[in-house]
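Have a look at the structure below before the remarks.
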Amino acid sequence: MALYITCKTLPFCQSQPATSPLKSRVSTIRCSVSLSSEDVALGFGERPWKTADARLVLEDGSIWRAKSFGASGTQVGEVVFNTSMTGYQEILTDPSYAGQFVLMTNPHIGNTGINPEDEESNQCFLGGLVIRSLSLCTSNWRCTKPLADYLAERNIMGIYDVDTRAITRRLRQDGSLIGVLSTEDSKTDDELLEMSRRWKIVGVDLISGVSCEAPYEWAEKTNSEWEFNKDVISGEKFHVVAYDFGTKHNILRRLASCGCRITVVPSKWPASETLKMQPDGVLFSNGPGDPAAVPYAVETVKEIIGKVPVFGICMGHQLIGQALGGKTFKMKFGHHGGNHPVGNLRNGCVEISAQNHNYAVDPASLPPGVEVTHVNLNDNSCAGLACPELKLMSLQYHPESSPGPHDSDPAFREFIQLMKDAKQNA
Ligand SMILES: NC(=O)CC[C@H](N)C(=O)O
(Lines give C-alpha, C1' and ligand atoms only; values in the text may rest on other atoms or scores of the structure.)
Protein backbone atom coordinates (compact mmCIF):
# COMPACT_ATOMS: atom_id res chain seq x y z
CA MET A 1 0.00 0.00 0.00
CA ALA A 2 1.34 3.44 -0.82
CA LEU A 3 0.30 6.54 0.99
CA TYR A 4 0.80 9.87 -0.73
CA ILE A 5 1.17 12.91 1.47
CA THR A 6 0.76 16.09 -0.49
CA CYS A 7 2.25 19.07 1.11
CA LYS A 8 1.22 22.46 -0.31
CA THR A 9 4.09 24.68 0.60
CA LEU A 10 3.71 28.43 0.72
CA PRO A 11 5.90 30.39 -1.66
CA PHE A 12 9.32 30.67 -0.05
CA CYS A 13 9.95 34.04 -1.63
CA GLN A 14 7.41 36.83 -1.37
CA SER A 15 8.70 38.29 -4.60
CA GLN A 16 7.69 35.15 -6.47
CA PRO A 17 5.18 36.08 -9.17
CA ALA A 18 1.69 35.61 -7.92
CA THR A 19 0.93 33.92 -11.19
CA SER A 20 3.45 31.17 -10.53
CA PRO A 21 1.42 27.97 -10.84
CA LEU A 22 0.66 26.49 -7.47
CA LYS A 23 1.56 23.08 -8.93
CA SER A 24 5.22 23.98 -9.07
CA ARG A 25 5.25 24.70 -5.38
CA VAL A 26 3.59 21.45 -4.40
CA SER A 27 5.90 18.75 -3.27
CA THR A 28 4.77 15.20 -3.02
CA ILE A 29 6.43 12.94 -0.52
CA ARG A 30 5.97 9.32 -1.36
CA CYS A 31 5.83 7.40 1.82
CA SER A 32 5.48 3.76 1.11
CA VAL A 33 3.72 2.36 4.15
CA SER A 34 4.42 -1.30 4.31
CA LEU A 35 1.06 -2.49 5.46
CA SER A 36 0.74 -6.03 4.22
CA SER A 37 -2.16 -8.38 3.90
CA GLU A 38 -1.44 -9.22 7.50
CA ASP A 39 -2.01 -5.59 8.51
CA VAL A 40 -5.04 -6.21 10.56
CA ALA A 41 -3.53 -9.24 12.22
CA LEU A 42 -0.45 -7.20 12.98
CA GLY A 43 -2.57 -4.44 14.36
CA PHE A 44 -0.84 -1.76 12.35
CA GLY A 45 -3.84 -0.67 10.39
CA GLU A 46 -6.34 -0.20 13.13
CA ARG A 47 -6.84 0.28 16.79
CA PRO A 48 -6.62 -1.31 19.24
CA TRP A 49 -2.96 -2.13 18.57
CA LYS A 50 -1.90 -5.70 18.43
CA THR A 51 -1.28 -7.14 21.88
CA ALA A 52 1.34 -9.66 22.90
CA ASP A 53 0.73 -12.99 21.20
CA ALA A 54 4.16 -14.59 21.44
CA ARG A 55 6.56 -15.77 24.11
CA LEU A 56 10.30 -16.12 24.16
CA VAL A 57 11.19 -18.58 26.90
CA LEU A 58 14.87 -18.70 27.78
CA GLU A 59 16.60 -21.68 29.33
CA ASP A 60 17.31 -19.61 32.47
CA GLY A 61 13.55 -19.63 33.13
CA SER A 62 12.83 -16.05 32.06
CA ILE A 63 9.75 -15.48 29.92
CA TRP A 64 9.48 -12.51 27.55
CA ARG A 65 6.08 -11.62 26.17
CA ALA A 66 6.13 -10.04 22.74
CA LYS A 67 4.21 -9.47 19.53
CA SER A 68 4.79 -11.76 16.60
CA PHE A 69 5.45 -11.00 12.95
CA GLY A 70 6.57 -13.21 10.10
CA ALA A 71 5.83 -16.88 10.61
CA SER A 72 3.96 -18.35 13.55
CA GLY A 73 4.53 -21.61 15.40
CA THR A 74 7.19 -22.78 17.83
CA GLN A 75 10.91 -22.65 17.20
CA VAL A 76 13.98 -23.37 19.30
CA GLY A 77 17.37 -21.69 18.88
CA GLU A 78 20.34 -20.05 20.55
CA VAL A 79 19.82 -16.34 21.23
CA VAL A 80 22.68 -14.06 20.18
CA PHE A 81 22.73 -10.29 20.02
CA ASN A 82 23.96 -8.35 17.01
CA THR A 83 25.16 -4.76 17.42
CA SER A 84 25.06 -3.74 13.72
CA MET A 85 23.38 -0.41 13.12
CA THR A 86 22.42 -1.35 9.56
CA GLY A 87 22.13 -4.38 7.33
CA TYR A 88 19.42 -6.52 8.90
CA GLN A 89 18.72 -8.17 5.55
CA GLU A 90 22.35 -9.27 5.09
CA ILE A 91 22.22 -10.61 8.65
CA LEU A 92 18.97 -12.50 7.99
CA THR A 93 20.53 -14.17 4.96
CA ASP A 94 23.92 -14.95 6.51
CA PRO A 95 23.87 -18.79 6.68
CA SER A 96 26.18 -18.70 9.72
CA TYR A 97 23.13 -17.82 11.83
CA ALA A 98 21.55 -21.26 11.29
CA GLY A 99 20.17 -22.49 14.60
CA GLN A 100 20.22 -19.02 16.17
CA PHE A 101 17.76 -16.28 17.03
CA VAL A 102 19.30 -12.95 16.16
CA LEU A 103 18.42 -10.18 18.58
CA MET A 104 19.19 -6.78 17.07
CA THR A 105 20.37 -4.22 19.62
CA ASN A 106 19.48 -1.44 17.18
CA PRO A 107 15.94 -0.75 18.32
CA HIS A 108 14.34 0.16 15.00
CA ILE A 109 14.28 -2.54 12.32
CA GLY A 110 12.47 -2.89 9.01
CA ASN A 111 12.66 0.72 7.84
CA THR A 112 14.36 -0.10 4.52
CA GLY A 113 12.15 -3.10 3.84
CA ILE A 114 13.53 -5.89 1.67
CA ASN A 115 15.88 -5.12 -1.22
CA PRO A 116 16.73 -8.06 -3.51
CA GLU A 117 20.33 -6.85 -4.10
CA ASP A 118 21.10 -7.18 -0.39
CA GLU A 119 20.77 -10.94 -0.10
CA GLU A 120 23.82 -12.79 1.22
CA SER A 121 22.43 -16.22 0.32
CA ASN A 122 19.31 -17.61 -1.30
CA GLN A 123 17.66 -18.54 1.95
CA CYS A 124 17.21 -17.51 5.56
CA PHE A 125 18.67 -20.18 7.80
CA LEU A 126 18.39 -18.39 11.14
CA GLY A 127 15.91 -19.56 13.76
CA GLY A 128 14.18 -16.21 14.22
CA LEU A 129 14.47 -12.46 14.67
CA VAL A 130 14.03 -10.58 17.95
CA ILE A 131 13.63 -6.80 17.76
CA ARG A 132 12.45 -3.88 19.83
CA SER A 133 10.42 -2.00 17.29
CA LEU A 134 9.19 -2.99 13.83
CA SER A 135 9.10 -0.08 11.42
CA LEU A 136 5.68 0.89 10.16
CA CYS A 137 7.11 2.33 6.97
CA THR A 138 9.62 1.19 4.42
CA SER A 139 11.71 3.84 2.79
CA ASN A 140 14.15 2.73 0.13
CA TRP A 141 13.95 3.16 -3.62
CA ARG A 142 14.91 -0.49 -4.12
CA CYS A 143 12.44 -1.90 -1.61
CA THR A 144 10.16 -4.61 -2.97
CA LYS A 145 8.36 -5.73 0.17
CA PRO A 146 8.09 -5.24 3.90
CA LEU A 147 10.16 -7.30 6.30
CA ALA A 148 7.14 -9.00 7.89
CA ASP A 149 5.93 -10.39 4.54
CA TYR A 150 9.41 -11.60 3.67
CA LEU A 151 9.80 -13.46 6.96
CA ALA A 152 6.34 -14.99 6.62
CA GLU A 153 7.14 -16.21 3.09
CA ARG A 154 10.36 -17.77 4.33
CA ASN A 155 8.69 -19.28 7.36
CA ILE A 156 10.89 -17.38 9.81
CA MET A 157 9.45 -16.22 13.12
CA GLY A 158 9.98 -12.71 14.40
CA ILE A 159 8.98 -10.92 17.59
CA TYR A 160 8.88 -7.22 18.39
CA ASP A 161 7.94 -5.02 21.34
CA VAL A 162 10.27 -6.98 23.57
CA ASP A 163 12.90 -5.44 25.86
CA THR A 164 15.96 -6.23 23.74
CA ARG A 165 18.25 -4.21 26.03
CA ALA A 166 17.32 -6.28 29.05
CA ILE A 167 17.81 -9.54 27.14
CA THR A 168 21.18 -8.31 25.80
CA ARG A 169 22.37 -7.49 29.32
CA ARG A 170 21.34 -10.94 30.44
CA LEU A 171 23.23 -12.55 27.54
CA ARG A 172 26.32 -10.45 28.28
CA GLN A 173 26.19 -11.46 31.91
CA ASP A 174 25.25 -15.11 31.62
CA GLY A 175 26.41 -15.95 28.08
CA SER A 176 24.33 -16.99 25.09
CA LEU A 177 21.17 -18.83 26.04
CA ILE A 178 18.94 -21.30 24.30
CA GLY A 179 15.40 -20.06 23.86
CA VAL A 180 12.06 -21.10 22.45
CA LEU A 181 9.88 -18.71 20.50
CA SER A 182 6.22 -19.60 20.34
CA THR A 183 2.92 -18.18 19.19
CA GLU A 184 1.07 -21.32 20.24
CA ASP A 185 -1.16 -20.83 23.29
CA SER A 186 -1.61 -24.58 23.60
CA LYS A 187 1.99 -24.91 24.80
CA THR A 188 2.59 -24.14 28.47
CA ASP A 189 5.54 -22.09 29.71
CA ASP A 190 6.92 -25.21 31.35
CA GLU A 191 6.77 -27.17 28.10
CA LEU A 192 8.67 -24.44 26.28
CA LEU A 193 11.22 -24.19 29.06
CA GLU A 194 11.73 -27.94 28.97
CA MET A 195 12.18 -27.77 25.20
CA SER A 196 14.87 -25.08 25.53
CA ARG A 197 16.73 -27.10 28.15
CA ARG A 198 16.72 -30.26 26.08
CA TRP A 199 17.97 -28.65 22.84
CA LYS A 200 21.70 -28.60 22.06
CA ILE A 201 23.73 -26.62 19.56
CA VAL A 202 27.25 -27.51 20.73
CA GLY A 203 28.63 -30.60 18.97
CA VAL A 204 26.14 -30.42 16.09
CA ASP A 205 27.17 -30.30 12.41
CA LEU A 206 25.20 -27.37 11.00
CA ILE A 207 27.24 -26.77 7.86
CA SER A 208 25.95 -29.77 5.93
CA GLY A 209 22.44 -28.30 6.16
CA VAL A 210 23.38 -25.00 4.54
CA SER A 211 26.03 -25.98 1.97
CA CYS A 212 25.27 -26.24 -1.77
CA GLU A 213 24.52 -29.71 -3.17
CA ALA A 214 26.73 -29.67 -6.24
CA PRO A 215 29.63 -27.58 -7.52
CA TYR A 216 28.84 -24.43 -9.51
CA GLU A 217 30.70 -21.49 -11.02
CA TRP A 218 30.41 -17.99 -9.54
CA ALA A 219 31.06 -14.90 -11.69
CA GLU A 220 29.14 -11.98 -10.14
CA LYS A 221 31.28 -9.10 -8.87
CA THR A 222 30.54 -6.36 -6.38
CA ASN A 223 29.43 -3.14 -8.03
CA SER A 224 31.78 -0.28 -8.74
CA GLU A 225 31.23 1.58 -5.47
CA TRP A 226 33.30 -1.12 -3.76
CA GLU A 227 36.39 -0.44 -5.84
CA PHE A 228 38.01 2.23 -3.73
CA ASN A 229 41.42 0.71 -4.40
CA LYS A 230 41.29 0.18 -8.16
CA ASP A 231 45.02 0.37 -8.70
CA VAL A 232 45.80 -2.80 -6.80
CA ILE A 233 43.02 -4.97 -8.20
CA SER A 234 44.65 -7.63 -10.28
CA GLY A 235 43.54 -8.08 -13.86
CA GLU A 236 44.95 -11.57 -13.75
CA LYS A 237 42.68 -14.58 -13.50
CA PHE A 238 43.14 -16.93 -10.60
CA HIS A 239 41.12 -20.07 -10.25
CA VAL A 240 39.80 -20.36 -6.70
CA VAL A 241 37.89 -23.34 -5.35
CA ALA A 242 35.57 -22.08 -2.62
CA TYR A 243 34.32 -24.56 -0.03
CA ASP A 244 30.75 -23.63 0.77
CA PHE A 245 30.23 -24.17 4.48
CA GLY A 246 27.44 -21.59 4.28
CA THR A 247 29.20 -18.93 2.27
CA LYS A 248 28.02 -15.35 2.14
CA HIS A 249 27.72 -14.15 -1.45
CA ASN A 250 29.85 -11.09 -0.86
CA ILE A 251 32.93 -13.24 -0.22
CA LEU A 252 32.47 -14.70 -3.70
CA ARG A 253 31.70 -11.28 -5.21
CA ARG A 254 34.85 -9.74 -3.72
CA LEU A 255 36.99 -12.60 -5.01
CA ALA A 256 35.42 -12.24 -8.46
CA SER A 257 36.11 -8.49 -8.37
CA CYS A 258 39.74 -9.24 -7.55
CA GLY A 259 40.14 -11.25 -10.74
CA CYS A 260 39.20 -14.74 -9.58
CA ARG A 261 37.31 -17.42 -11.46
CA ILE A 262 35.45 -19.26 -8.74
CA THR A 263 34.24 -22.84 -8.48
CA VAL A 264 32.04 -23.24 -5.42
CA VAL A 265 32.00 -26.78 -4.02
CA PRO A 266 29.90 -28.47 -1.30
CA SER A 267 31.22 -28.90 2.23
CA LYS A 268 31.91 -32.60 1.73
CA TRP A 269 33.69 -32.21 -1.62
CA PRO A 270 36.81 -34.42 -1.47
CA ALA A 271 40.15 -32.65 -1.19
CA SER A 272 41.52 -34.97 -3.88
CA GLU A 273 38.92 -33.66 -6.38
CA THR A 274 39.83 -30.10 -5.48
CA LEU A 275 43.53 -30.75 -5.99
CA LYS A 276 42.77 -32.42 -9.35
CA MET A 277 41.31 -29.09 -10.52
CA GLN A 278 44.75 -27.54 -9.90
CA PRO A 279 43.34 -24.31 -8.45
CA ASP A 280 45.53 -21.29 -7.76
CA GLY A 281 43.98 -21.06 -4.32
CA VAL A 282 41.30 -22.48 -2.04
CA LEU A 283 38.86 -20.51 0.08
CA PHE A 284 37.25 -22.02 3.18
CA SER A 285 34.09 -20.04 3.83
CA ASN A 286 32.15 -18.96 6.87
CA GLY A 287 29.51 -21.32 8.20
CA PRO A 288 27.22 -22.03 11.14
CA GLY A 289 27.70 -23.99 14.34
CA ASP A 290 30.42 -25.67 16.27
CA PRO A 291 33.71 -25.99 14.30
CA ALA A 292 34.73 -28.95 16.48
CA ALA A 293 31.65 -30.87 15.29
CA VAL A 294 32.81 -31.15 11.67
CA PRO A 295 35.96 -33.32 11.72
CA TYR A 296 35.45 -34.27 8.05
CA ALA A 297 35.90 -30.60 7.08
CA VAL A 298 39.06 -30.35 9.22
CA GLU A 299 40.40 -33.41 7.36
CA THR A 300 39.69 -31.75 4.01
CA VAL A 301 41.56 -28.62 5.11
CA LYS A 302 44.48 -30.76 6.34
CA GLU A 303 44.76 -32.45 2.95
CA ILE A 304 44.83 -29.13 1.11
CA ILE A 305 47.03 -26.85 3.20
CA GLY A 306 50.64 -26.67 2.13
CA LYS A 307 49.71 -27.69 -1.43
CA VAL A 308 47.98 -24.50 -2.62
CA PRO A 309 47.49 -21.05 -1.04
CA VAL A 310 44.45 -21.02 1.24
CA PHE A 311 42.28 -18.34 2.81
CA GLY A 312 39.87 -19.11 5.64
CA ILE A 313 37.07 -16.84 6.77
CA CYS A 314 35.33 -17.33 10.13
CA MET A 315 34.33 -21.03 10.13
CA GLY A 316 37.09 -21.48 7.53
CA HIS A 317 39.56 -19.86 9.95
CA GLN A 318 38.42 -22.16 12.77
CA LEU A 319 38.83 -25.23 10.56
CA ILE A 320 42.34 -24.09 9.56
CA GLY A 321 43.18 -23.57 13.25
CA GLN A 322 42.17 -27.17 13.97
CA ALA A 323 43.92 -28.53 10.87
CA LEU A 324 47.12 -26.93 12.17
CA GLY A 325 46.71 -28.79 15.43
CA GLY A 326 44.90 -26.10 17.44
CA LYS A 327 41.65 -26.21 19.39
CA THR A 328 38.49 -24.11 19.28
CA PHE A 329 36.32 -23.17 22.24
CA LYS A 330 32.88 -21.65 22.74
CA MET A 331 32.95 -18.00 23.74
CA LYS A 332 30.67 -16.54 26.39
CA PHE A 333 28.43 -14.64 24.00
CA GLY A 334 30.53 -14.34 20.86
CA HIS A 335 30.95 -11.41 18.52
CA HIS A 336 28.09 -10.33 16.30
CA GLY A 337 28.01 -6.88 14.79
CA GLY A 338 29.61 -4.33 12.53
CA ASN A 339 31.66 -2.43 15.08
CA HIS A 340 34.36 -4.77 16.39
CA PRO A 341 37.85 -3.29 16.61
CA VAL A 342 40.57 -5.64 15.39
CA GLY A 343 44.29 -5.03 15.83
CA ASN A 344 46.27 -5.98 12.74
CA LEU A 345 49.52 -7.00 14.40
CA ARG A 346 51.43 -6.94 11.12
CA ASN A 347 50.90 -3.28 10.28
CA GLY A 348 49.82 -1.88 13.64
CA CYS A 349 46.51 -0.61 12.24
CA VAL A 350 43.07 -1.00 13.76
CA GLU A 351 40.29 -2.27 11.53
CA ILE A 352 36.67 -1.81 12.49
CA SER A 353 35.21 -5.08 11.38
CA ALA A 354 32.05 -7.05 10.79
CA GLN A 355 31.90 -10.15 12.98
CA ASN A 356 29.64 -13.10 13.57
CA HIS A 357 30.98 -15.99 15.58
CA ASN A 358 30.44 -17.80 18.86
CA TYR A 359 33.58 -19.93 18.79
CA ALA A 360 37.25 -18.98 18.58
CA VAL A 361 40.64 -20.58 18.09
CA ASP A 362 42.71 -20.88 21.25
CA PRO A 363 46.08 -19.42 20.21
CA ALA A 364 47.88 -21.27 23.03
CA SER A 365 46.93 -24.55 21.37
CA LEU A 366 48.66 -23.69 18.07
CA PRO A 367 52.04 -25.14 17.18
CA PRO A 368 55.14 -22.97 16.69
CA GLY A 369 55.40 -21.42 13.24
CA VAL A 370 51.77 -20.31 13.20
CA GLU A 371 51.51 -16.55 13.52
CA VAL A 372 48.58 -14.79 15.19
CA THR A 373 48.16 -11.85 12.81
CA HIS A 374 45.05 -10.17 14.24
CA VAL A 375 43.43 -9.83 17.66
CA ASN A 376 39.97 -8.67 18.64
CA LEU A 377 40.66 -5.56 20.72
CA ASN A 378 37.54 -5.99 22.86
CA ASP A 379 38.73 -9.23 24.44
CA ASN A 380 42.13 -10.03 22.89
CA SER A 381 40.79 -13.18 21.27
CA CYS A 382 42.52 -14.55 18.18
CA ALA A 383 41.15 -12.87 15.06
CA GLY A 384 43.60 -13.96 12.37
CA LEU A 385 46.29 -16.50 11.57
CA ALA A 386 49.03 -16.91 8.99
CA CYS A 387 51.69 -19.41 8.17
CA PRO A 388 53.79 -18.13 5.26
CA GLU A 389 55.48 -21.50 4.88
CA LEU A 390 52.10 -23.09 4.16
CA LYS A 391 50.87 -20.10 2.07
CA LEU A 392 47.97 -19.79 4.47
CA MET A 393 45.97 -16.91 5.90
CA SER A 394 42.74 -16.79 7.85
CA LEU A 395 40.46 -14.30 9.57
CA GLN A 396 37.93 -14.87 12.31
CA TYR A 397 35.84 -11.97 11.06
CA HIS A 398 34.34 -10.80 7.77
CA PRO A 399 36.52 -8.83 5.33
CA GLU A 400 33.62 -8.93 2.88
CA SER A 401 31.56 -6.98 5.46
CA SER A 402 27.99 -6.92 4.10
CA PRO A 403 26.90 -5.53 6.39
CA GLY A 404 29.65 -3.52 7.98
CA PRO A 405 32.68 -1.35 7.39
CA HIS A 406 35.09 -2.09 4.54
CA ASP A 407 38.31 -1.64 6.55
CA SER A 408 39.33 -5.29 6.15
CA ASP A 409 38.76 -5.51 2.40
CA PRO A 410 42.54 -5.50 1.68
CA ALA A 411 42.60 -9.10 2.96
CA PHE A 412 41.24 -10.19 -0.44
CA ARG A 413 44.18 -8.55 -2.17
CA GLU A 414 46.56 -10.25 0.27
CA PHE A 415 45.10 -13.57 -0.81
CA ILE A 416 45.59 -12.57 -4.47
CA GLN A 417 49.21 -11.73 -3.64
CA LEU A 418 49.65 -15.11 -1.94
CA MET A 419 48.40 -16.83 -5.12
CA LYS A 420 50.54 -14.60 -7.35
CA ASP A 421 53.69 -15.36 -5.34
CA ALA A 422 52.96 -19.09 -5.36
CA LYS A 423 52.49 -18.98 -9.16
CA GLN A 424 55.75 -17.13 -9.64
CA ASN A 425 57.68 -19.51 -7.42
CA ALA A 426 56.15 -22.64 -8.93
N1 LIG B 1 30.42 -16.73 10.61
C2 LIG B 1 30.95 -17.93 10.86
O3 LIG B 1 31.56 -18.57 10.05
C4 LIG B 1 30.68 -18.48 12.23
C5 LIG B 1 31.60 -19.59 12.64
C6 LIG B 1 31.06 -20.44 13.77
N7 LIG B 1 29.79 -20.97 13.40
C8 LIG B 1 30.96 -19.64 15.04
O9 LIG B 1 29.88 -19.31 15.47
O10 LIG B 1 31.97 -19.32 15.62
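Principal axis extents of the C-alpha atoms in the stretch 267-425 (largest first, rounded to whole Å): 41, 34, 31. For the stretch 67-82, backbone phi angles converted through the Karplus equation (6.51, -1.76, 1.60; θ = phi - 60°) give residue-by-residue couplings of 9, 8, 8, x, 6, 10, x, 9, 9, 10, x, 8, 8, 10, 9, 10 Hz, Gly and Pro being listed as x. Put a dot 7 Å past the Cα of Glu184, heading toward its Cβ, do the same for Ile63, and the two dots end up 1.7 nm apart.
Pairs of Cα atoms in the chain fall into 10 Å distance bins, from 0 up to the last occupied one, in shares of 4, 21, 29, 22, 13, 7, 3, 1, 0 percent.
Once the Cβ-Cβ distance of Tyr216 and Glu153 is raised to the sixth power relative to R0 = 25 Å, the FRET efficiency obtained is 0.55. Rg/Rh, computed from the Cα trace of the stretch 90-194 with Rh as the Kirkwood radius, has the value 0.98. The spread of Cα positions in the stretch 358-426, taken along each principal axis and listed from longest to shortest, comes to 39, 32, 16 Å. Take the convex hull of the alpha carbons in the stretch 81-123; its mean projected area over all directions comes to 3.0 nm². Based on a Kirkwood Rh over C-alpha pairs, give the Stokes-Einstein translational diffusion coefficient of the stretch 265-355 at 20 °C and viscosity 1.002 mPa s in µm²/s. This corresponds to a translational diffusion coefficient of 148 µm²/s.
On a per residue basis, the chain carries 44 Å² of accessible surface, using protein heavy atoms and a 1.4 Å probe.
Judged by the mean number of other Cβ atoms found within 10 Å, the most tightly packed of the peptides 247-254, 349-356 leads the ranking 247-254, 349-356. Against the chain, whose longest principal axis is taken from its Cα atoms, helix 189-198 shows a tilt of about 20°. Per atom type, the chain shows carbon and sulfur on 52% of its accessible surface, probed at 1.4 Å. The listed peptides 259-268, 200-209, ordered by packing as a protection proxy, come out as 259-268, 200-209 (highest mean of other Cβ atoms within 10 Å first).
Evaluating kT/(6 pi eta Rh) at 37 °C and 0.692 mPa s, with the Kirkwood radius of the stretch 198-326 over Cα pairs in the Stokes-Einstein relation, gives 218 µm² s⁻¹. Each peptide in 417-426, 87-96 was scored by the mean count of other Cβ atoms within 10 Å over its residues; highest first, the order is 87-96, 417-426. Values of log10 I(q)/I(0) for the stretch 325-366 across q = 0.32, 0.33 Å⁻¹ run -0.97, -0.98, by the Debye formula with one identical scatterer at each alpha carbon and no solvent.
Within the stretch 43-148, all pairs of alpha-carbon atoms sorted by distance into 5 Å bins from zero give the percentages 2, 11, 20, 25, 21, 13, 6, 1, 0. For Lys200, the lysines whose Cα comes closer than 18 Å to its Cα, not counting residues fewer than 8 places off in the same chain, are Lys330, Lys332. Taking all Cα pairs closer than 8 Å and separated by 6 or more residues, the relative contact order of the chain comes to 14 percent.
With each label modelled as a point 7 angstrom along the Cα→C-beta vector, the Gln123-Phe329 pair spans 3.4 nm.
Listed by chain and number, the lysines whose alpha-carbon sits under 28 Å from that of Lys221, ignoring those within fewer than 8 places in the same chain, are Lys145, Lys230, Lys237, Lys248, Lys268, Lys276, Lys307, Lys391, Lys420, Lys423. What does a probe at Glu236 reach in the stretch 306-331, counting residues whose amide N is under 20 Å from the point 7 Å along Cα→Cβ? Once the point is set 7 Å along Cα→Cβ of Glu236, 306-312 turn out to lie under 20 Å by backbone N, inside the stretch 306-331. Once the chain from Ser365 to Tyr296 is taken as fully extended at 0.36 nm per residue, the excess over their C-alpha distance is 22.8 nm. Loop-resident trypsin sites (Lys or Arg not before Pro) (DSSP state other than H, G, I, E or B) in the stretch 112-185 with no more than 14 further Cβ atoms inside 10 Å of their Cβ: Arg142.
Segment Lys50..Ser139, full-extension length gain: 29.8 nm, with 0.36 nm per residue of separation and the alpha-carbon distance subtracted. Each eigenvalue of the Cα gyration tensor of the stretch 147-255, multiplied by 5 and square-rooted, gives one semi-axis; in descending order these are 40, 19, 16 Å. Would you please state the base-10 log of I(q)/I(0) at q = 0.17, 0.26 1/Å for the stretch 318-405, with intensities from the Debye formula using one equal scatterer on every alpha carbon? Rounded to two decimals, the profile gives -0.66, -1.41.
The values are calculated or read from the model by the stated rules, or taken from the named source; none is laboratory data. Here the structure is a predicted model, which means the values were calculated and not measured. Cβ atoms come from the backbone with ideal geometry, glycine included; neighbour counts cover every protein chain shown. In case anyone asks, the SASA skips ligands and DNA or RNA and just uses the protein heavy atoms, side chains included. Shrake-Rupley method; radii C 1.70, N 1.55, O 1.52, S 1.80 Å.
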